[in-house]
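Data block below; observations after.
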Amino acid sequence: MNTEQDDKNKGTDGTYYATTPIFYVNAEPHLGHAYTTTLVDVSARFHRLRNEDVLFLTGTDEHGEKIQKAAETAGLSPQEYVDRISGKFRDTWDELGIDYDIFMRTSEPFHHKVVQDVLQRVYDNGDIIFGEYGGLYCVQCERYYTEKELEDGKCPQHDITLEYRSEENYFFRMERYRPWLRKELENNPELIRPEGYRNEVLGLLREPIGDLSISRPRNRVPWGIPLPWDENHVTYVWFDALINYYSALVERGEVDRYWPHVEHFIAKDILKPHGVFWPTMLKSAGIPLYQHLNVHGYWLTDQGKMSKSKGNVIKPLELKDKYGIDAFRYFLLRDMTFGLDSTFSELALAERINADLANDLGNLLNRTMGMLGRYRDGVVPAHHVTPAPGGRAARSLAARRRCGQG
RNA sequence: GGCGAUGUAGCUCAGUUGGUGAGAGCGCACGACUCAUAAUCGUGAGGUCGUCGGUUCAAGUCCGACCAUCGCUACCA
């Protein structure tokens, strides 16, 4: 009998925990950040309208050597530095009407504790080993390069001379979980979507993925979370950043309420960490896998990828100020096919606003107001529309109910 | 080099398991009209479905090769 209710809750079990990535605070928010966050905002609002139990997390990733250096350059402590940049993200989301529930920051003490708890569980499970790693290291990239990868002996990304480093690291035994993850993806085709990205991850899993370096010496990188079994090392990016999705719930005592219903939204550049590292980490720690990993493409410009060096970075707040918040948000979601790259152009934005919002919607509103005054004495009559079975309105209603079930 | 994605009307893109004459929105052309005229409504113009070949009674939809763009990834003379 309760078909509408059943229908409504199908796919989400009436609970919806949606996340954006926590953004790295080495630059100010750009169009891509705004897209992901607006997308999740709209999705969260949709599920709230369906009376589901919704939680929406966004935030900033605040550790790492790169940030430590940036703070030094700015003459600030790391905490002062991340406070400032993190604040810019928060302000931007406020200005764009993002109605998030949690603004997560990895520098918060409770996060440290949860990360250490998870690390300990993985350690106790025998999935951490000690090893040495050495090579040419780029401070900007925070990674090692092989000599073949270099251009003129310099980092191909940053054009700076690299230094040789050798250090002892802890490694997560990720390779152990490769067969498991493969099977998981094969049994659950919707786990990573759209399909193209699922295939990419399956492709990665066809060959050994190796073990994952998860620590850095604390004497070199004090700005990080110490390993619970070795105070001389701090954890490194992924075991810190990815766990934010989980630690936020621990802090609120809402793990059981929300965790089995996680919907991650990311851009394609961080597919590997979210599609490979994160699931294997969860498996090792004995935490259930997320529901879905939803992957979108890039906003490009007519000159290709946005980058600071090209000087073609699109600033979301400027567009919002110029065209209005609702028009801007509408454009973001309307003009990009989910999963694919999209070319941004201000002309396309203007045309979209004119055609869809000003002409179609605006005319409808203007017309309705006119008719209301002319024929109904300005009073909205009680509605008594019965959609004809199989008619356009009925089909539209059915389509709306199907939406968001996957 | 390997793996993968993409390549469909001027533009942005849809096209389940192969099957009536290949679609939408925007743009464009023509026409209509009112309660909306810097709007709305109707109609239309027709694109070798990247190229070549194959399978099939039948392919945009399957197979092979190739080309272009993009991404990930491995490197040797």
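The values are calculated or read from the model by the stated rules, or taken from the named source; none is laboratory data. Just so it is clear, the structure is predicted and the values come from calculations on it, not from any experiment. So basically every Cβ, Gly included, is an ideal-geometry build from the backbone, and we count neighbours across all protein chains shown. These area figures cover heavy atoms from the full protein model, side chains too; ligands, DNA and RNA do not enter into them. Shrake-Rupley method; radii C 1.70, N 1.55, O 1.52, S 1.80 Å.
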Test: residue in the range A:66-75 that is crowded, with 22+ Cβ neighbours inside 10 Å and under 24 Å from A:GLY253 (Cα atoms)
no
For a quick check of your reading: which helices (runs of 4 or more DSSP H) sit entirely within the range A:244-303 and have at least 3 residues that are open to solvent by less than 20 Å² (accessible area, probe 1.4 Å)?
A:244-252, A:278-285
Within the bounds of the range A:81-103, is there any residue that is over 16 Å from A:THR38 (Cβ atoms), out of contact with any strand residue (DSSP E or B) (no Cβ under 6 Å at 6 or more places or on another chain), open to solvent by 20 Å² or more (accessible area, probe 1.4 Å) and not in a helix (DSSP H, G or I)?
no
Residues satisfying the stated conditions in the range A:179-197, i.e. touching a residue at least 40 places away in the same chain (Cβ under 8 Å), within 16 Å of RNA strand B (Cβ to nearest atom) and not hydroxyl-bearing (Ser, Thr, Tyr):
A:LEU181, A:GLU190, A:ILE192, A:ARG193, A:PRO194, A:GLY196
Scope the range A:323-380; condition open to solvent by 50 Å² or more (accessible area, probe 1.4 Å), within 7 Å of RNA strand B (Cβ to nearest atom) and over 37 Å from the mean Cα position of the chain (by Cα); matching residues
A:ASN366, A:ARG367, A:MET371, A:ARG374
How many residues, within the range A:239-277, are free of Cβ contacts under 8 Å to residues at least 60 places away in the same chain, within 13 Å of the chain's Cα centre (by Cα) and away from RNA strand B (no atom under 16 Å from the Cβ)?
1
Is there a residue in the range A:189-201 that is in contact with a Lys or Arg (Cβ under 8 Å, 6 or more places away or on another chain), closer than 23 Å to A:GLU132 by Cα and crowded, with 18+ Cβ neighbours inside 10 Å?
no
In the range A:332-350, what residues are touching a Ser or Thr at 6+ places or on another chain (Cβ under 9 Å) and either of a type in the set (Phe, Trp, Tyr) or free of Cβ contacts under 8 Å to residues at least 12 places away in the same chain (or both)?
A:PHE344
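Condition check ((1) part of a helix (DSSP H, G or I); (2) modelled with pLDDT of 85 or more) across all residues:
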{"residue": "A:GLU175", "(1), (2)": "yes, yes"}
{"residue": "A:ARG178", "(1), (2)": "yes, yes"}
{"residue": "A:LYS183", "(1), (2)": "yes, yes"}
{"residue": "A:GLU186", "(1), (2)": "yes, no"}
{"residue": "A:PRO189", "(1), (2)": "no, no"}
{"residue": "A:TYR197", "(1), (2)": "yes, yes"}
{"residue": "A:GLY203", "(1), (2)": "yes, no"}
{"residue": "A:GLU207", "(1), (2)": "no, no"}
Please go through the range A:323-347 and pick out each residue that is under 23 Å from A:ASN294 (Cβ atoms) and in a loop (DSSP other than H, G, I, E, B).
A:MET336, A:THR337, A:PHE338, A:GLY339, A:LEU340, A:ASP341, A:PHE344
When you scan the range A:41-51, do you find a residue that is within 29 Å of A:THR337 (Cβ to Cβ), open to solvent by less than 20 Å² (accessible area, probe 1.4 Å) and either part of a strand (DSSP E or B) or not charged (D, E, K, R) (or both), even just one?
yes
Given the condition touching a residue at least 24 places away in the same chain (Cβ under 8 Å) and among the basic types (Lys, Arg), answer yes or no: does some residue in the range A:287-305 qualify?
no
For the range A:64-108, how many residues meet the condition of being more than 16 Å from the chain's Cα centre (by Cα), among the charged types (D, E, K, R) and at pLDDT 90 or above?
8
Which is out of contact with any strand residue (DSSP E or B) (no Cβ under 8 Å at 6 or more places or on another chain) and among the charged types (D, E, K, R), of A:GLU263, A:GLU254, A:GLU190, A:GLU195?
A:GLU195
Of everything in the range A:209-223, what is in contact with a Phe, Trp or Tyr (Cβ under 8 Å, 6 or more places away or on another chain) and either without any contact (Cβ under 8 Å) to a residue 12 or more places away in the chain or not in a loop (DSSP other than H, G, I, E, B) (or both)? Give them in sequence order.
A:LEU212, A:SER213, A:SER215, A:ARG216
